[in-house]
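Trainee: I'd like to ask you about the structure that follows.
The values are calculated or read from the model by the stated rules, or taken from the named source; none is laboratory data. Quick caveat, the model's predicted, so the values are computed rather than measured. Cβ placement follows ideal geometry from the backbone for every residue including glycine, while neighbour counts extend to all protein chains displayed. The accessibility values were calculated without ligands, DNA or RNA, using every heavy atom of the protein model including side chains. Shrake-Rupley method; radii C 1.70, N 1.55, O 1.52, S 1.80 Å.
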Amino acid sequence: MKSIVVLISGSGSNLQAIIDACSSGFIPGRISAVIANKANAYGLVRANEAGLSTQVLSHKTYKDREQYDIALADAIDQHQPDLVVLAGFMRILTPAFVQRYHGRLLNIHPSLLPKYQGLHTHQRAIDNNDSEHGCSVHFVTDELDGGPVVLQAKVPVFSDDDAESLAERVHEQEHRIYPLVVRWFCQNRLQQHADQARLDGQVLAANGYA
Ligand code: GAR
């Protein structure tokens, strides 16, 4: 059974979806630890309720990004994970960190990548009058929100949407697609080869599995 470490900064609703999918057996893996960079991340409550090991590693106590990422990698490696899952972990990672976990570092981003890398994705979709929006699960590379996409889900954008209503619709899809991608990884069906994601040996299209 694969060992998974999940990194969070906030609410942890994606963490919850992955916890539930591990408990039900949908994901053939177990969460070895949840690490947060913020002590007040609600996801820590969720992890504790599920009986998982948790750790807070605040970036504020490190002098720079490099030092923090070294400490973070040390904390992760205590658990010897097969997979590191970023679930709303709101930190830019150093190239050394990304290299260390090459091929076993996944992220979820609230947009249809390559659209809207970075922050405030829901508001930007509304401001641009987009008719559809969504979320993407991708392998992490040095390029921020730029690694190969594994799976996307689309939602409609309605004329009376605000960022909050749209985020809620996207979140529902996040909770569907992230456990599925983690399941594929834990089933040994998903690999990263340089800038490609492969599922069952097939190279996935730029916007992931369709
Ligand atoms: C999710 O919407 C996720 O896509 C986003 O943070 C939220 C975390 O929610 N991630 C990013 O913006 C990463 N760039 P959660 O804590 O409830 O899972």
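Trainee: Filter the stretch 145-168 for residues that are away from the ligand (no atom under 15 Å from the Cβ) and surrounded by 13 or more Cβ atoms within 10 Å (Cβ to Cβ); which is farthest from Ala205 (Cα to Cα)?
Mentor: Looking at residues that are away from the ligand (no atom under 15 Å from the Cβ) and surrounded by 13 or more Cβ atoms within 10 Å (Cβ to Cβ), I get Asp161.
Trainee: Among the residues of the stretch 110-144, write down those that are in contact with a helix residue (DSSP H, G or I) (Cβ under 7 Å, 6 or more places away or on another chain), free of Cβ contacts under 8 Å to residues at least 60 places away in the same chain, surrounded by 17 or more Cβ atoms within 10 Å (Cβ to Cβ) and part of a loop (DSSP other than H, G, I, E, B).
Mentor: Ser111, Tyr116, Val140, Thr141
Trainee: Looking for something among the hydroxyl-bearing types (Ser, Thr, Tyr) and within 13 Å of the ligand (Cβ to nearest atom) - is there at least one such residue anywhere in the stretch 106-113? First the steps, then the outcome.
Mentor: First, the residues of the stretch 106-113 that are among the hydroxyl-bearing types (Ser, Thr, Tyr): 111.
Among the residues that remain, those that are also within 13 Å of the ligand (Cβ to nearest atom) are: 111.
Yes, the stretch 106-113 contains at least one residue that is among the hydroxyl-bearing types (Ser, Thr, Tyr) and within 13 Å of the ligand (Cβ to nearest atom).
Trainee: Now for a separate question. Among the residues of the stretch 117-142, write down those that are under 16 Å from the mean Cα position of the chain (by Cα) and at pLDDT 95 or above. Explain how you work it out, then say what you get.
Mentor: Here is the first cut: in the stretch 117-142, the residues under 16 Å from the mean Cα position of the chain (by Cα) are 117-119, 121, 134-142.
Once the filter is applied, which keeps residues that are under 16 Å from the mean Cα position of the chain (by Cα) and at pLDDT 95 or above, the stretch 117-142 yields Gln117, Gly118, Leu119, Thr121, Gly134, Cys135, Ser136, Val137, His138, Phe139, Val140, Thr141.
Trainee: Looking at the stretch 4-44, which of its residues are open to solvent by 20 Å² or more (accessible area, probe 1.4 Å) and farther than 21 Å from Glu172 by Cβ?
Mentor: Of everything in the stretch 4-44, those that are open to solvent by 20 Å² or more (accessible area, probe 1.4 Å) and farther than 21 Å from Glu172 by Cβ turn out to be Gly25, Pro28, Arg30, Lys38, Ala39, Asn40.
Trainee: Name the single residue, out of those in the stretch 195-210 being among the hydrophobic types (A, V, I, L, M, F, W, C) and open to solvent by 70 Å² or more (accessible area, probe 1.4 Å), that is farthest from His120 (Cα to Cα).
Mentor: Taking the candidates together, the pick is Val203.
Trainee: Moving to a separate point now. Hey, which of the strands (runs of 3 or more DSSP E) in the stretch 9-90, taking only ones fully inside, have at least 1 residues that are within 16 Å of the ligand (Cβ to nearest atom) and in contact (Cβ under 8 Å) with a residue 40 or more places away in the chain?
Mentor: Correct list: 29-36, 83-86.
Trainee: Another question, then. On the given criteria, is Asn188 at pLDDT below 95 and open to solvent by 60 Å² or more (accessible area, probe 1.4 Å)?
Mentor: Working: at pLDDT below 95: no; open to solvent by 60 Å² or more (accessible area, probe 1.4 Å): yes.
No, not satisfied.
Trainee: With respect to Arg91, is the statement that it is surrounded by fewer than 18 Cβ atoms within 10 Å (Cβ to Cβ), within 16 Å of the chain's Cα centre (by Cα), more than 28 Å from Met1 (Cα to Cα) and not β-branched (Val, Ile, Thr) true?
Mentor: yes
Trainee: Any residue in the stretch 169-181 that is outside any helix (DSSP H, G or I) and either aliphatic (A, V, I, L, M) or open to solvent by less than 30 Å² (accessible area, probe 1.4 Å) (or both)?
Mentor: No - not one qualifying residue is present in the stretch 169-181.
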